[in-house]
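The structure under discussion appears below in the form of structure tokens.
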Amino acid sequence: MSNDPQSRIIQVDMRGQVCPSTLLVAMDNLNRHGEGLQSGALKLLIITDNREALHTVPATAENMGYAARITKTTSHYEILIGLPDQER
């Protein structure tokens with residue numbers, strides 16, 4: 001995932017929602033902000049407490065050519081989606 005400090009993060013809080021709604025909202029944002037995500041100007045942060053979304057959202061993002069990183073906090077998960085890291 002690019003660590004470009006110039007990237008703006010679009011945050012979508014989906015806590016309390018279950019899949020498929022979390023996946024559908026993530027896909028809508030991936031499509032709506034595709035140009036910014038593909039240029040590296042944007043990243044998408046999905047906040048969820050639904051464990052199923054930890055599989056469906058990253059898999060869908062990766063199938064669309066993005067990288068997804070999951071971080072667990074004490075009360076929820078954060079799925080950060082952006083360009084794949086060019087240094088891998």
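Values quoted throughout were computed directly from the atomic coordinates according to the rules given, and no laboratory measurement underlies them. All of these numbers come straight from a predicted model, not from anything done at the bench. We place every Cβ from the backbone using ideal geometry, glycine too, and count neighbours over all the protein chains shown.
Step by step: first the residues of the range 32-88, then only those that are among the charged types (D, E, K, R) and closer than 13 Å to Arg15 by Cβ, then the one that is surrounded by the most Cβ atoms within 10 Å (Cβ to Cβ). Which residue is that? Break it down into steps so the answer makes sense when it comes.
So the first thing to find is which residues in the range 32-88 are among the charged types (D, E, K, R), and the list is 32, 35, 43, 49, 51-52, 62, 69, 72, 78, 85, 87-88.
Subset that is closer than 13 Å to Arg15 by Cβ: 49, 51, 78.
Details: Asp49: 16, Arg51: 10, Glu78: 14.
By that ranking, first place goes to Asp49.
Quick check on this structure: which one of Ala41, Ala61 is under 10 Å from the mean Cα position of the chain (by Cα) and small (Gly, Ala, Ser)?
The match here is Ala61.
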